[in-house]
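A short reminder: the numbers here are calculations on the coordinates, not readings from a lab. In this text the structure is predicted, and so the values were computed from the model without any measurement. Because the Cβ atoms are built from the backbone with ideal geometry, glycine has one as well, and the counts that use them run over all protein chains shown.
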Amino acid sequence: MGEPKTPSKTALAKASEEAMVVQTMGGRMHVRWDETARATPHGQLVFFAEFLSTVGVFDRWVEQCPLSYSSPNASSKRDVLGTLMLSILSGSKRYAHIAGIRGDAVAAQALGMRGVVSEDSVRRALKAMELTPSETWMRQSLMDSVRDSLRRPWILDLDATIKPLYGHQEDAEVGYNPHKPGRPSHVLHTFWIGNLRLVLDAVLTSGKQHTSGHAKAPLMRLLDELADRAPALVRGDCGYGNQDMIEVCEQRGLPYLLRLRKTTNVKRLIERLFKREDWSRASQATQGWQAIEDSICLSGWSKKRRVVVLRRRLKHDIAVTAKNDDGQMLLALPHDGVEDSAQLWEYAVLVTNAQYDIAAIGQLYRDRCDCENGFDELKNQWGWGGFTTQDMHRSQITARAVALVYNWWSWYVRAANPNARREALTSRPLLLAAVGRATSHSDQTTLYLTPMHAEAGLIKSMIANIHGAIRFVRQAAEQLPKIDRWATMLSYICQGIVGPTSLPTPPPALAG
């Protein structure tokens, strides 16, 4: 008789239509696959989509994208960028993770997308963008996401973070890599808004270009773009206290606070100052730190500059290790009775032209450590260390894209909770995760949300705060149709964070 022309359904297809009986510890359950239902694990994304729609930043990002296709069958820019943003929001770190959100039709509808595209479509779309237009587009988008919040005095933090690599990437070189020595890497030179933990720009370089000299040109470009929104203080860690970086600030009349490397002349300065007795008093407010100031002209400097030396006594158990000529490890422990007479110190040397009290200088520098929390959040919770391709071009685009979505989400969370900042590890379960089931009838879509978080009451109150911010912007837009909605939203959020009064400048000296 031969084979039939139309094959019958496979056993697998039949099984998918029939209910499966599953024996669980809580009893028997009947399971049936339903691949046609419109459901999402990120049900609260609709509120974030409303936030973006009200202020128009996502639409502007899509419109300004330099991507263009000649084929009528190609994916739209909105679908590509929306897929990338959804992947970043869901905590993905690889392009392959996009497969986990392919079936989310509810989120796609909330963002005005025709559908979620594949990982290959995203990779090919980023590769199709030309270098110069894409860099201009992403840098401008990042600046626009924060610029209108810089009306009050603010601090610009400079730092770099290492992005370890595990494949054959362009410019993957073995450079400074404290956590994975010998591992090829890229370096992200990042410019932060201090304490708010928002990103102004992130420049990707090869693993050997980790020094501050490679951040000089991007810093000059950034300061020129800021113009009248220039920072009240430029702050940087070890390595940024050199003639080049100092000149960038001095030529623009900007106060700076930069840490010096412990060179021979700096160590001589420390030896001389340690003998003086006019150190400031250590207190609980200063976390045990003492400070003293002097002036110095290091080799390569054009003039003498003010330096502040900070020191703090180490009171914990100390052990010193060394190696002899044979390479054998030696351990030195303080002898009994020596602990009381000997003192061990940690210290830092800062160069500054800011006319602040030395106690305030110490506190300002300690506040710089907050940007390390931002690095940790972006790399471990937002996938800054992922989305890697063989070319630097796409890696640079995704690095800025992650920073942009991170900025948008940070503003959204601060609108929900102005009193405290929440990292993605806690904010996404609160304000993003919820089982959503969508139904449509008479051109009306109803989304049923089931929050899985224990703090359902807190979630509803935070959503109410977001709706209050959105309502404020919409009312202002009705009265002034040409108003900049994003600037109005940032003004509303900032007022909720710091209140109507301006920040003190200079900051008061610490008590005692």
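Below, the figures for the structure above:
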{"item": "Taking V199, V46, V31 and counting other C-beta atoms within 10 Å, the order from fewest to most", "result": "V31, V46, V199"}
{"item": "C-alpha center-to-center spacing [the stretch 100-151, the stretch 429-487] in angstrom", "result": "22 Å"}
{"item": "Column: log10 I(q)/I(0), Debye, Cα scatterers of the stretch 68-167, q = 0.13, 0.16 Å⁻¹", "result": "-0.64, -0.90"}
{"item": "Most positive-pole-ward Cα, S121, V187, T24, against dipole of the chain from beta carbon charges", "result": "S121"}
{"item": "Surface/4 estimate of mean projected area, convex hull on alpha-carbon atoms of the stretch 258-358, nm²", "result": "9.2 nm²"}
{"item": "Charge dipole of the chain about the Cα centre (unit charges at C-beta), most positive-ward option of A476, Q355, V402", "result": "A476"}
{"item": "Simple Cβ-charge dipole of the chain, Lys/Arg +1 and Asp/Glu -1, about Cα centre, in debye nearest 20", "result": "280 debye"}
{"item": "Highest average packing first - 117-125, 19-27, Cβ atoms within 10 Å", "result": "117-125, 19-27"}
{"item": "Low-density loop cleavage sites - trypsin sites (Lys or Arg not before Pro) in the stretch 438-491, where at most 14 other Cβ are within 10 Å (DSSP)", "result": "K482"}
{"item": "Residues whose placed amide H lies under 5 Å from that of E170, excluding near-sequence neighbours", "result": "D391, M392"}
{"item": "The stretch 377-484: radius of gyration and largest Cα-Cα distance (Dmax), Å", "result": "17.7, 51"}
{"item": "For the stretch 374-381, Karplus couplings with θ = phi - 60° (6.51, -1.76, 1.60), whole Hz, Gly/Pro x", "result": "x, 4, 4, 5, 5, 7, 9, 10"}
{"item": "The stretch 59-72 - phi-based ³J(HN,Hα) in whole Hz, Karplus 6.51/-1.76/1.60, Gly and Pro as x", "result": "4, 5, 4, 5, 4, 7, 5, x, 6, 8, 10, 9, 7, x"}
{"item": "Cα pair count fraction exceeding 31 Å, expressed as % - the chain", "result": "56 percent"}
{"item": "Charge context of T389, other residues only, Cβ under 9 angstrom, K/R +1, D/E -1", "result": "+1"}
{"item": "Fewest-first sequence of H186, H467 by Cβ atoms within 10 Å of each Cβ", "result": "H467, H186"}
